[in-house]
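Okay, so here's the structure we're looking at.
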Amino acid sequence: MSAALIQKAVDAYEAPLVGENLPASTLKGVLSAFPLVWVQFLRHLGCIYCKGLVTEIREFLASWPERAPFLVFVHPNTLEEGQRFFQTYYPGAVHIADPKLQLYRLFRVRRASPLSELHPKNLLRLLSLLRRGLANERPTADPWILHAAFLFRQGDLIWSYYARKLSDVPEWKRLL
């Protein structure tokens, strides 16, 4: 997806956001509230890959230098489900509930295919996450939506990452 197309869509999006700890009520306001804003789209909140990703992001940001971006999670669940999830996996997190997947469509977040579940890397990551004590639960929203990450500088998109399979995780060090 081209950065210019996403930027144009983001600039035109005017619907109010539903979330917690947001610095503004609009997408454009959130993206321009801080010099660097990291928008992390998540899979459904019952997903073991989602839990692992959020835990890894929390650990990564805890070790980040002072110039860490403002992190905003977007999830396909309700606000209440998001509050319960983040209370456990990332207390105090900023998150946007998007159960109608409007932002997911706006950012062109990919969907997995049923066959992609069988990829060997998914199994290896699943086993790693199980060893860390995480569990997979019944899907609580769209079970096929994938992760995606976007970094904005002063409201302008400067980096994006789209997962291709359930277990994909970007190299966070590229954000430094």
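The values are calculated or read from the model by the stated rules, or taken from the named source; none is laboratory data. Quantities reported herein were computed from a predicted structural model and do not represent experimental measurements. Cβ coordinates were reconstructed from backbone atoms using ideal geometry, including for glycine residues, and neighbour counts include every protein chain displayed.
Number of residues in the stretch 70-103 that are touching a Phe, Trp or Tyr at 6+ places or on another chain (Cβ under 9 Å) and closer than 20 Å to ARG138 by Cβ: the value is 6.
The set of residues from the stretch 26-48 being in a loop (DSSP other than H, G, I, E, B) and polar (S, T, N, Q) comprises THR26, SER32. Note on the stretch 124-154: residues that are of a type in the set (A, V, I, L, M), out of contact with any Lys or Arg (no Cβ under 7 Å at 6 or more places or on another chain) and within 10 Å of LEU166 (Cβ to Cβ) amount to 1. For the stretch 121-132, the criterion of being small (Gly, Ala, Ser) and under 26 Å from THR26 (Cβ atoms) is met by no residue.
I need a count of the residues in the stretch 52-89 that are closer than 23 Å to ASN122 by Cβ and in contact (Cβ under 8 Å) with a residue 24 or more places away in the chain. Qualifying residue count for the region: 15. Within the bounds of the stretch 141-162, is there any residue that is at pLDDT 90 or above, under 14 Å from the mean Cα position of the chain (by Cα) and of a type in the set (S, T, N, Q)? For the stretch 141-162, residues at pLDDT 90 or above, under 14 Å from the mean Cα position of the chain (by Cα) and of a type in the set (S, T, N, Q): present. The residues listed here are LEU42, LEU36; of these, the one that is of a type in the set (A, V, I, L, M, F, W, C) and surrounded by fewer than 17 Cβ atoms within 10 Å (Cβ to Cβ) is LEU36.
Every residue, every condition in (1) free of Cβ contacts under 8 Å to residues at least 40 places away in the same chain; (2) among the β-branched types (Val, Ile, Thr); (3) closer than 24 Å to ARG110 by Cα, yes or no:
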site: LYS8; (1), (2), (3): yes, no, yes
site: GLU20; (1), (2), (3): no, no, no
site: PRO23; (1), (2), (3): no, no, no
site: LYS28; (1), (2), (3): no, no, yes
site: LEU31; (1), (2), (3): no, no, yes
site: PRO35; (1), (2), (3): no, no, no
site: TRP38; (1), (2), (3): no, no, yes
site: LEU42; (1), (2), (3): no, no, yes
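Taken over the stretch 120-176, the criterion of being more than 27 Å from ILE6 (Cα to Cα) and of a type in the set (A, V, I, L, M) is satisfied by LEU123, LEU124, LEU126, LEU127, LEU129, LEU130, LEU134, ALA135.
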